[in-house]
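Student: Quick one: this structure, given as structure tokens, is what I'll be asking you about.
The values are calculated or read from the model by the stated rules, or taken from the named source; none is laboratory data. As the structure is a prediction and not an experimental result, all values here were calculated from the model. Here the Cβ positions follow ideal geometry from the backbone for every residue, glycine too, while neighbour counts run over all protein chains shown.
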Amino acid sequence: MASAKPTTVLPPVSEKRTYVRRMFTAIAGSYDLMNRLMTLGRDAVWRRTVVKLCALPQGGRLLDVATGTGDIAFEALRADPSARPVGLDLTPQMMRTGQGKYAGLTFPFIEGDALALPFDAGVFDAACSGFMMRNVVDIAAAFREQVRVVKSGGKVVCLELTLPRTPIFGRLFRLYFFRLVPVMGGLISGQRDAYRYLPESVAVFPPPAELARTMQLTGLRDVQYRLAMLGTVAIHWGTK
């Protein structure tokens, strides 16, 4: 008797936008805590790296796409209190969770779609995203929109998860990521499927070299990337 195929929580492309919005609404209250636990607190370091790679001028304008609870935008304000970040997200509940998170640090939160940014061309000094690209239905279109709203010479930076390529650590990481993270996420958030979606979405996401080529095709030059956390995190950046 043939064994049943493992079930998946990945939605069809036609339903992905609605699924993602509903999922993040459900986990908004526990999102920050799960990020800290899953990454052993290293996600804050990666976000600081994103801000540095954005290379904002003093008082520069940064667009944080899929800002969630605003962590990258808050890091930009910590690095330069005169910076002018804007956070955009599809999920109002995530942004409400982030508002007022840090006393004395504020910036505009705007509801919007990464594939149709509600901004004129060339108005930001840089654009970035953290853990977003896996969740869009068209990666190239999302990058093109960021390129459109950034000034000539400005940076576009992408922080994402990726699967490690080394055989031994890769197997250990998959055990942790595909088995333990959903259990932990279910216990903390009550939304186990959200943390089944996370590793499944990483598994079908383009590897770093392919993502770099996509960025080049959307009009970015000098595209580079670096890996962190033993090859489980990729940070890409390029210049308009």
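Student: Name the single residue that is surrounded by the most Cβ atoms within 10 Å (Cβ to Cβ) among those in region 145-185 being among the small types (Gly, Ala, Ser) and modelled with pLDDT under 95.
Tutor: Gly185
Student: Among the candidates Asp64, Asp32, single out the residue that is acidic (Asp, Glu), within 14 Å of the chain's Cα centre (by Cα) and not in a helix (DSSP H, G or I).
Tutor: Just one listed residue meets the conditions, Asp64.
Student: Can you tell me which residue among Arg42, Arg84, Arg36 is out of contact with any Phe, Trp or Tyr (no Cβ under 6 Å at 6 or more places or on another chain) and farther than 30 Å from Met184 by Cα?
Tutor: None of the other options fit; the residue is Arg84.
Student: Considering only region 15-23, I want to know if a residue exists there that is over 18 Å from the mean Cα position of the chain (by Cα) and crowded, with 21+ Cβ neighbours inside 10 Å.
Tutor: No, there is no match, as no residue in region 15-23 is over 18 Å from the mean Cα position of the chain (by Cα) and crowded, with 21+ Cβ neighbours inside 10 Å.
Student: Ok, one more. Which of the residues that make up region 37-56 are touching a strand residue (DSSP E or B) at 6+ places or on another chain (Cβ under 6 Å) and part of a loop (DSSP other than H, G, I, E, B)?
Tutor: Answer for region 37-56, where residues must be touching a strand residue (DSSP E or B) at 6+ places or on another chain (Cβ under 6 Å) and part of a loop (DSSP other than H, G, I, E, B): Ala55, Leu56.
Student: Which of the numbered conditions does Asp120 fail, given that it passes all the others? Conditions: (1) in a loop (DSSP other than H, G, I, E, B); (2) within 22 Å of Thr232 (Cβ to Cβ); (3) among the charged types (D, E, K, R).
Tutor: Among (1) in a loop (DSSP other than H, G, I, E, B); (2) within 22 Å of Thr232 (Cβ to Cβ); (3) among the charged types (D, E, K, R), the lone unmet condition for Asp120 is (2).
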